[in-house]
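Asker: Take a look at the following structure, please.
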Amino acid sequence: MQLTQIRNATLKINYAGKKFLIDPWLAEKDAVPGFGGTINDHIRNPTAELPMPIGEIVDVDAVILTHDHPDHWDDAARQAIRKDMPFFVQHEKDALAIRSAGFCDVRVLDEHTGFAGITLIKTPGQHGRPKVLEDMKALLGEVSGVVFKHPDEKTFYIAGDTVWCQAVEDNLKKYHPDIVVLNSCDAQVIGNESIIMGKQDIYDVFKAAPDATVIASHMEAVNHATLSRKELREFLSERAMTQRVLVPEDGESYTF
């Protein structure tokens, strides 16, 4: 399999002969205002350019949307992706939103969704600590991850927008993934409350999955990111984690 980090949570995955686009956020740099209710909301989004042409990004066999948030799915993606593309979502609410944008092959993930011989498994996550979830439930909403399985490939887990929590620990124990993608920029809302993983969360995953390669995605592209690649790499080096935790630049690919 091959993974290419596009930008933010947007990934392109070649798996068992099929190409998947994950969480397509394709706007030009500075196209939209910063996200209200988050820190540094005066900074416009995205804060980084796409590393390759949109036509190359959307040349895939299917799209997976872990959740319908504006830094995972936007108007640029709606316009660029062909309307008959197989489109996988976490539940009927998100399916309705995608269908209303004109897409005609929208499928809701479950525990054993099949696609071209590949098994796609929806996994739970937690978009922040309990306090922030209680205070901002309407804004943060439901999130999901996905596990890819195929007899000829490594088991691959995208955790999605989640902090380290019981659900993630359970997913690691249940599926024993060989490769784990974590959204890792420690995005924070006002009040310095983290809503996705930061350094300690990554360390917890590293310890809980001792045989897995961990990939830090969702870095340096949104106004409310508080953890840089440089700081994360220094943290990983200090704790001798660099052999198993990768921090790709936008446009960088890995083959497993």
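Here, each number is a calculation from the coordinates, and none is a lab measurement. It should be emphasised that the depicted structure is a prediction, and the values quoted were computed from it without experimental measurement. Cβ placement follows ideal geometry from the backbone for every residue including glycine, while neighbour counts extend to all protein chains displayed.
Asker: Would you calculate the separation in nanometres between label points at I54 and H176, each defined as 7 Å from the Cα along the Cα-to-beta-carbon direction?
Answerer: Rounded to a tenth, the inter-label distance reads 4.4 nm.
Asker: Dipole of the chain, Cα-centred, from +1 at each Lys and Arg C-beta and -1 at each Asp and Glu C-beta, to the nearest 20 debye? All intermediate terms of the calculation are to be shown ahead of the outcome.
Answerer: Values: 27 positive and 39 negative charges, 69 e Å.
Using only the charged Cβ atoms, the result is roughly 320 debye.
Asker: So which DSSP H runs in the chain come out at 27 Å plus along the axis (Cα) with average Kyte-Doolittle of at least 0.5?
Answerer: Taking the DSSP H segments of the chain (at least 27 Å long, mean hydropathy at least 0.5), we get none.
Asker: Each residue of the stretch 62-68 in turn: what ³J(HN,Hα) in whole Hz from Karplus with 6.51, -1.76, 1.60 and θ = phi - 60°, glycine and Pro shown as x?
Answerer: 6, 10, 10, 10, 5, 6, 8
Asker: For Rg and Dmax of the Cα atoms in Å, which listed value, (i) 20.3, 63; (ii) 20.7, 68; (iii) 16.8, 49, comes from the coordinates shown?
Answerer: Correct label is (iii).
Asker: I would also like to ask the following. Per DSSP H run of n ≥ 4, the term is -39500 (n - 2.57); total these for the chain, divide by its residue number, and report the mean residue ellipticity at 222 nm rounded to 500 deg cm²/dmol. Working shown, then result.
Answerer: Numbers: 8 runs with 59 residues, N = 256.
Rounded to the nearest 500, it is -6000 deg cm²/dmol.
Asker: Right, next: From the residues H150, N171, N183, which one has its Cα farthest along the dipole of the stretch 133-242 in the positive direction, the dipole being from +1 and -1 charges on Cβ of Lys/Arg and Asp/Glu about the Cα centre?
Answerer: H150
Asker: Give me the number: length gained by fully extending A31 to A116, i.e. 0.36 nm times residue separation minus the C-alpha to C-alpha distance, one decimal in nm. Walk me through the intermediate numbers first.
Answerer: On the way: separation 85, 0.36 × 85 = 30.60 nm, distance 3.60 nm.
In short, 27.0 nm is gained.
Asker: Would you list, by chain and number, the lysines whose Cα falls below 28 Å from the Cα of K12, excluding same-chain residues fewer than 8 positions away?
Answerer: K29, K83, K93, K122, K149, K154, K173, K174, K199, K207, K230
Asker: Take peptides 5-12, 166-173 and line them up by average Cβ neighbours within 10 Å, highest first, as a rough protection proxy. It would help to have the intermediate numbers written out before the result.
Answerer: On the way: 5-12: 25.2, 166-173: 16.6.
Listed from highest to lowest mean packing, they are 5-12, 166-173.
Asker: Considering the dipole of the chain built from charges on the beta carbon (Lys and Arg +1, Asp and Glu -1) around the Cα centre, which of M197, N14, A116 is farthest to its positive end?
Answerer: A116
Asker: Additional query: Taking the alpha-carbon distance from K131 and a cut-off under 14 Å, which aspartates and glutamates remain once sequence neighbours fewer than 8 residues away in the same chain are dropped?
Answerer: E193
Asker: What FRET efficiency comes out for the pair K230/K19, r = Cβ-Cβ distance, R0 = 30 Å, nearest 0.05? Let's see the in-between values first.
Answerer: Details: r = 31 Å, r/R0 = 1.03.
That pair, K230 with K19, gives E of 0.45.
Asker: Another question, then. Along the stretch 11-24, what does the Karplus equation 6.51 cos²θ - 1.76 cosθ + 1.60 (θ = phi - 60°) give for ³J(HN,Hα), rounded to whole Hz, x for Gly and Pro?
Answerer: Listing the rounded values in order: 10, 10, 10, 9, 9, 6, x, 10, 9, 10, 10, 9, 6, x Hz.
Asker: Moving on. If you take the beta carbon distance between A101 and D41 as r and set R0 to 30 Å, what does 1/(1 + (r/R0)^6) give as a FRET efficiency, to the nearest 0.05? Mind dumping the intermediate values first?
Answerer: Values: r = 26 Å, r/R0 = 0.86.
Efficiency computed from Cβ-Cβ geometry: 0.70.
Asker: Determine the sum of side-chain charges near L50: Lys and Arg each +1, Asp and Glu each -1, restricted to other residues whose C-beta is under 11 angstrom from that of L50. Provide the component values of the computation, followed by the final result.
Answerer: On the way: positive: R7, K29; negative: E28, E49, E56, D250.
Result for the local shell: -2.
Asker: Among 150-158, 183-191, 129-137, how do they line up from the highest to the lowest mean number of other beta-carbon atoms within 10 Å? Walk me through the numbers on the way to the answer.
Answerer: Values: 150-158: 18.3, 183-191: 22.1, 129-137: 14.1.
Ranking, from highest mean packing down: 183-191, 150-158, 129-137.
Asker: Continuing with the same structure: Classify the stretch 22-100 as rounded, prolate or oblate from the Cα gyration tensor: take a ≥ b ≥ c as the square roots of its eigenvalues, call it rounded if a/c is under 1.5, otherwise prolate when a/b beats b/c and oblate if not.
Answerer: On the way: a/c = 2.53, a/b = 1.34, b/c = 1.89.
Verdict is oblate for the stretch 22-100.
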